[in-house]
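The block underneath contains the structure these notes are about, expressed in structure tokens.
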2 protein chains.
Amino acid sequence: MHAAGIVRVEERPDPRIEQPTDAVIRLAATCVCGSDLWAYRGVESVKAPMPMGHEYCGVVEEVGSGVSIAKVGDFVVGSFFTSDNTCEICRSGYPSGCVHRTGMGSLGAQAELLRVPLADGTLVATPGMPDARHLPSLLAASDVLGTGWYGAVAAQAGPGRTVAVVGDGAVGLLAVLAAAQLGAERIIAMSRHAPRQELARAFGATDIVADRGDEGVAAVRELTGGLGAHSTIEAVGTQESMMQAIRSTRRGGHLGYVGVAHGVQLPGDTLFFSQVALEGGPAPVRRFLPELIERILSDTIDPGRVFDLSLPLAEAAEGYAAMDERRAIKTLLRV
Amino acid sequence: MHAAGIVRVEERPDPRIEQPTDAVIRLAATCVCGSDLWAYRGVESVKAPMPMGHEYCGVVEEVGSGVSIAKVGDFVVGSFFTSDNTCEICRSGYPSGCVHRTGMGSLGAQAELLRVPLADGTLVATPGMPDARHLPSLLAASDVLGTGWYGAVAAQAGPGRTVAVVGDGAVGLLAVLAAAQLGAERIIAMSRHAPRQELARAFGATDIVADRGDEGVAAVRELTGGLGAHSTIEAVGTQESMMQAIRSTRRGGHLGYVGVAHGVQLPGDTLFFSQVALEGGPAPVRRFLPELIERILSDTIDPGRVFDLSLPLAEAAEGYAAMDERRAIKTLLRV
């Protein structure tokens, strides 16, 4: 990305092993993330041209001498933060908070080849080479599925609970899928876009609320005996969406917030008297990867359906534009 | 309280049973809460003279026809919010969020007699008449102990965890006690006042940090291998204390916030990237009362030590002034 709105596909030197703990992978596919749009839209400033992309899966091309989790030719999936998977923070279940983490965005996964630092703690190998039909879902596991899943876990979605999901982007839709997989009794998807409503239903939503703000909150409360949802997942990251999410949750309920917060200020007194517990932030995707991969390869879930646009990598700019203009939920880039 | 800083003890009509679910109790003792000081200091406006006090224990004087939890002559302890203990929110463990709750402050527990609505869901009877030496502790259970306990539970204090406590008022000190009772490995009390540091140590603090702000955060991080505490309890309610608490907590850690938030704005991006989970608000004290009463009557804990000033009810004004000027941690009012 050269500046807000300016995406170019350029030749760069092939990545190489720099540390013994590195792996280089040849991407099976890559994609554009909703969070990439913050820079595209100028909400996050772009001071210099930067590589983009942090979602990836593919075949190991080369490994450093210290890598034992995979060998050349293995298929692997990783997370958008590297992790050593051995530090105290990783062991507590938060690899995205690893003391040695690196953001993969700075390395640029919208590419043909990608260097992955801390490969042993970051990558998970699949049992054998996956079928082509599983590739979009495995790619989704790398971020949007793992992030939606974390939102549902953080919101304590589960049996007997009503879950509301604020946000109908890929993460919100996959939070619906996660809540259903975790056994939630009722899942309210908040969306005003017919194709997204349809996908939400396919992923397990039992109710759709098209209203936003006060009306949206009122609609959720009406569906929940006036109390609000037990579990709410926030997957947007704006002031409006956070407040809508808090207000849609009952006292003693849980909010999992995974939209990257931009310009959000949470009023302390509102939060205090809401009695809603908050957990969120960059999702510890590595924690969930083995389980997610298993569900994908066993055809239990099909999160790859969030990719409703597929383009060659060379047309990345159009992939961004389509998502920015909400013509696409999520763009897969073929390499 | 007639206006900020103006406390008068006046004759009022004796409370009576108004609903079949009411009880009237004769208070064994009452007290001034740190949260009463928000109005005393003019941070919360006092538009008209209002009764004060929401912490209470005592002997049942009269019960409505629908009350079965206690009979006349029984000794009972209640919480600062009434609760039916049967609604969905109560059953989920949040009686302070009960759909039928009433704040006891509006009824005024700084008095000789007190009407308690929803007695069956609000009060807990002790097994027999407690010794006089247990009265201060039973009174503390009504709010400050229950609130500190909730802070520790919300922060997931427990074995193997390092707990930091921001705030050295009665709630903060009792959060130290709660963390110790819950088995925390290490407890860092943040206090710069020698007598409060001493009480914190007596309650189980293993470390004292006298610094605040950046220096306080740095000191906690130094004590925790650079990571921050697993569990932090915020027991003040200001912008500074909330930010200090968030920044003192490690990624993937938990913050229990029980200071009543005043003028606090939490920056969403800081919270997001902190990866600190938040739970707080008005404490569901009723959930903990049976357990707290048992620990008090078995002399396992002595939370009544937070009362370092005891005055007759008639001198309530001085009780407020002493706490406002930090000459007293907490004032017990004898009735």
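The slack in the chain from B:Ala317 to B:His100, taken as 0.36 nm per residue of separation less the alpha-carbon distance, amounts to 74.9 nm. Note on B:Lys71: aspartates and glutamates with a C-alpha under 13 Å away, same-chain residues under 8 apart excluded, are B:Asp22, B:Glu61, B:Glu62, B:Asp120. Most simply put, the protein assembly as shown has about 45% antiparallel DSSP beta bridges, counting only bridges with both residues inside it. Peptide B:251-261 is shielded by partner chain Cβ atoms: per residue, an average of 5 of them sit within 10 Å of its Cβ.
Computed from phi, the 3J(HN,Hα) profile of the stretch B:91-97 under the Karplus parametrisation 6.51, -1.76, 1.60 (θ = phi - 60°) reads 5, 7, x, 10, x, 6, x Hz, with x in place of Gly and Pro. Neighbour counting of Cβ atoms within 10 Å sorts the residues B:Trp149, A:Trp38, fewest neighbours leading, into A:Trp38, B:Trp149. Annotation: peptides B:117-127, A:250-260, ranked by per-residue average of other Cβ atoms within 10 Å with the highest first, follow the order A:250-260, B:117-127.
Once you order the gyration tensor axes a ≥ b ≥ c over the Cα atoms, which shape class does the stretch A:146-280 get: rounded for a/c under 1.5, otherwise prolate or oblate by comparing a/b with b/c?
On the way: a/c = 1.33, a/b = 1.27, b/c = 1.05.
Since a/c stays below 1.5, the shape of the stretch A:146-280 is classed as rounded.
The fraction of Cα-Cα pairs per 5 angstrom bin, counted from 0 for the stretch B:1-155, comes to 2, 9, 18, 21, 21, 16, 9, 4, 0 percent, rounded to whole percents. Annotation: for a label point projected 7 angstrom from Cα along Cα→Cβ of B:Arg91, residues of the stretch A:192-227 with backbone N closer than 20 Å are A:221-227. For A:Val72 and A:Asp324, a Förster radius of 35 Å and the Cβ-Cβ distance give a FRET efficiency of 0.40, rounded to the nearest 0.05. A simple rule links phi to the HN-Hα coupling: the Karplus curve 6.51 cos²θ - 1.76 cosθ + 1.60 with θ = phi - 60°, which for the stretch B:104-115 gives 6, x, 5, 8, x, 8, 7, 6, 8, 10, 9, 8 Hz, with x for Gly and Pro. Evaluating 6.51 cos²θ - 1.76 cosθ + 1.60 at θ = phi - 60° for every residue in the stretch B:11-26, the Karplus couplings come out as 6, 10, x, 4, x, 10, 5, 10, 10, x, 8, 7, 10, 10, 10, 8 Hz, glycine and proline recorded as x.
For the stretch B:71-115, rounded, prolate or oblate, judged on the Cα gyration tensor with a ≥ b ≥ c (square roots of eigenvalues), a/c < 1.5 rounded, else prolate if a/b > b/c?
On the way: a/c = 2.99, a/b = 1.61, b/c = 1.86.
Since a/c reaches 1.5 but b/c is at least a/b, the shape of the stretch B:71-115 is classed as oblate.
Viscosity 0.692 mPa s, temperature 37 °C: Stokes-Einstein D of chain A from its Kirkwood Cα radius, in µm² per second? Reported coefficient: 165 µm²/s. Working note: 222 nm ellipticity from helices only, DSSP H runs with n ≥ 4, each -39,500 (n - 2.57), summed and divided by the residues of chain B, gives -8500 deg cm²/dmol to the nearest 500. Panel order for A:Met242, A:Met190, by other beta carbons found within 10 Å of each beta carbon, from fewest to most: A:Met242, A:Met190. Under the criterion of Cα pairs below 8 Å and six or more residues apart, the relative contact order for chain B equals 19 percent.
Only the coordinates and a few stated rules stand behind these numbers; no lab work does. All figures in this text were calculated on a predicted structure; none of them were measured in a lab. Neighbour counts are summed over all protein chains in view; Cβ atoms, including those assigned to glycine, are modelled from backbone coordinates with ideal geometry.
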